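A short write-up of the structure that comes next.
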Amino acid sequence: MDIYGKEEDRAKWAMHYAQVKANIEQPQRSHTVTVSGTTKQGKPYNYEYSYADLADVDKAVMEGIKKATDKDGNVVFSYFFDIVTGNTSVTVQTVLIDSSGFTVKTNKITFQNSKPQDAQATASLISYAKRYSLSGAFGIAADDDDDAQDQKTIYEPKVLTKKELEEYKVYYNGTMANLYDLYQEAKEGIKDAQDWFNESHTPQDAQAVHQIAQIFKKKHARTKESDNAKKAALDKIQQSKTKEPKKDPFADKKVASGGDTVVDGLF
C-alpha cells in the first residue's frame, strides 16, 4: 500500500472513505456460469457459481461515492486504476483519492498472462484484475466472474525442482527478476524486495517462495550448527590450555639423596 499527501489530510481522507464504504450496498450476483474441465494433474472438476461483474461492482461503489458529499453537495471521494501490463503478467492497483488530494494506492494485484499476444484475452484479464482490486478496496463480497476464464480453472501449483527454483523468475518493479536473488535481497533488508513478498501472489509464485524459504531455513540451520560446533571445539582447546599441569604419579615414591648408600653410589 502506497500513501501520498499531507499528514494533516489523512483524517479527512479516512472520514470520506468511511462515508463511501458505509453507503455501498452489496451488488447482486446476477450472473451464473458453469465451469468444468480437468486440472493439470488430470483431476476432473465441475462447479457452478454466481458473480457480480466489474460493471456491477463499479455501480455499487459509485452509488456510495455519490452519497459522500461536502456541505455544498460536491462529491469528495473518487477512485481510478493504475494498470501495468508486462510480457507475462498484468498488475492492477486501485487508487483512492479525496478532495484534499490525499491518495492511497491499494496493494498490487498481479495475475500471470498466459496469452500476452491475445488482445482480447489480455483485456479480459485486466477487467478481472480491476474487479478483484476494486472489490478488495471497498470490501465488496462479489464472487469470481468469467472475465478471465483462464484464471478460473482449479489450479494446483507444481512442486519445483532445485534447477527450476534456481531459474524461477517473477514480475518485479516492471521487469522479470530471479526469485532466489530477490529473496536474498529481502533477507538483507532491501525494502522494495520485502514489499514484494508482502503482496498477493499467484499460487505458483507462492509455492516457489515457500520452497525457497525452506532452503534458506535449512541453510541457516546448517550454518548455525557449524558455528556451534566450531565454538565448542575452540572452548575445548581453551579449557585444555588453562588446566593445571599433570602431577607426577611417582612424586611421593622418589628416594631422598643420602638415604641409601648403595643407590647413592650409582650416581
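Where a number appears in this text, it was derived from the coordinates with a stated rule and is not lab data. Computed from a predicted structure; not experimentally measured.
Could you work out how much longer the chain between residue 184 and residue 14 gets when fully extended? Use 0.36 nm per residue separation minus the Cα distance between them, nm to one decimal.
Extra length from residue 184 to residue 14 when fully extended: 57.6 nm.
Each residue of segment 81-97 in order: what ³J(HN,Hα) in whole Hz does its phi give by Karplus 6.51 cos²θ - 1.76 cosθ + 1.60, θ = phi - 60°, with x for Gly and Pro?
10, 10, 10, 10, 10, x, 5, 10, 8, 10, 10, 10, 10, 8, 9, 9, 9
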